[in-house]
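Beneath this line is the structure, given in structure tokens, with notes to follow.
The values are calculated or read from the model by the stated rules, or taken from the named source; none is laboratory data. Small disclaimer: the values here were computed from a predicted structure and weren't measured. Cβ placement follows ideal geometry from the backbone for every residue including glycine, while neighbour counts extend to all protein chains displayed.
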């Protein structure tokens, strides 16, 4: 059984992941085998109130998860992997660095970082120390997204365009789409693949739309909502069919954790960090376009 640690406890993911991996407090349908959360390090947060962090920590403690004082303590516990769970993406490089230098496999929760410089430094450290690392929103592994991509019976054919949507609440610590709109950007890149050349953004208080043009001429877009009803979903224009569907968020943590456990076992990340770097560049370009009244902005990739 793999032993996994958590750094930062300012997101409900620390509870949701532990329930599924440790088989506690949740239906068996949601269980993921092969790993247990055995330790966690709560740290101060600029986004979530300390009272809520304390609540999550007490839940973990009740499931026999050891609560450590500092991240470096996890390096002395013989762990097989660590999850960087700070909801504040601006601290992810700082949090990840000691583990990368120690050769510890990492899952870094969304957003990977909040700028390309930090993202490239994590990639450099991962390569220099031969450390498997990946980062993603769990929406990437929604069963509806996976069905279109796997398409074993050639029901849909190649994706020639896509439009994805999700809530897109804002926070200064995770600017632009880094905070919550990333839940639409991740499925967009999953469906379209890498290769986005430039973007344009229309931004209003209640919503924003970013349209990207890929190197091969395909168009992909995302809509982030801040007013009215919210949901997760996509339309994929494929060679043989047009697919429009919501994404069932009830199973996305389970599917993400399966991929995470597999990486900790095999050392093979399920998402290429080069694609993740491009995703960061996409969000940066979207913010630059917004700041310039929807101007076309090339990705710095």
Qualifying positions in the range 71-102 - closer than 19 Å to residue 127 by Cβ and touching a strand residue (DSSP E or B) at 6+ places or on another chain (Cβ under 9 Å): 81, 82, 84, 92, 95, 96, 99, 100
Residue 153 vs (1) surrounded by fewer than 17 Cβ atoms within 10 Å (Cβ to Cβ); (2) at positive phi: all pass except (2)
Might you let me know whether the range 214-231 holds any residue that is buried (at least 17 other Cβ atoms within 10 Å of the Cβ) and over 22 Å from the mean Cα position of the chain (by Cα)? yes
Just give me the residues in the range 200-213 being more than 21 Å from the chain's Cα centre (by Cα) and in contact (Cβ under 8 Å) with a residue 40 or more places away in the chain, in sequence order. 200, 201, 202, 203
Among the residues of the range 46-57, are any touching a helix residue (DSSP H, G or I) at 6+ places or on another chain (Cβ under 7 Å), modelled with pLDDT of 95 or more and part of a loop (DSSP other than H, G, I, E, B)? no
Given the condition over 23 Å from residue 268 (Cα atoms) and in a loop (DSSP other than H, G, I, E, B), answer yes or no: does some residue in the range 89-99 qualify? no
Against the condition surrounded by 15 or more Cβ atoms within 10 Å (Cβ to Cβ), at negative phi and over 13 Å from the mean Cα position of the chain (by Cα), how does residue 280 come out, does it pass? no
Selection count where residues are farther than 21 Å from residue 240 by Cα, part of a loop (DSSP other than H, G, I, E, B) and in contact with a strand residue (DSSP E or B) (Cβ under 8 Å, 6 or more places away or on another chain), scope the range 140-179: 2
Unique residue being in the same structural domain as residue 201 (by TED's automatic domain parsing) and buried (at least 24 other Cβ atoms within 10 Å of the Cβ) when the list is 92, 171, 179: 179
Is it true that residue 247 is in contact (Cβ under 8 Å) with a residue 40 or more places away in the chain and within 15 Å of the chain's Cα centre (by Cα)? no
Within the range 226-247, is there a residue that is assigned to a strand (DSSP E or B), under 24 Å from residue 114 (Cβ atoms) and not assigned by TED's automatic domain parsing to the domain that holds residue 46? no
Evaluate the following for residue 263: is it assigned to a helix (DSSP H, G or I), under 26 Å from residue 208 (Cα atoms) and outside the structural domain of residue 79 (by TED's automatic domain parsing)? no
Scan the range 27-40 and tell me whether some residue there is within 14 Å of residue 85 (Cβ to Cβ), at pLDDT 95 or above and under 21 Å from the mean Cα position of the chain (by Cα). yes
Taking the range 247-269 and keeping residues under 17 Å from residue 126 (Cα atoms), in contact with a helix residue (DSSP H, G or I) (Cβ under 9 Å, 6 or more places away or on another chain) and crowded, with 17+ Cβ neighbours inside 10 Å leaves 260, 269
The one condition in (1) farther than 21 Å from residue 138 by Cβ; (2) in contact (Cβ under 8 Å) with a residue 24 or more places away in the chain that residue 32 fails to fulfil: (1)
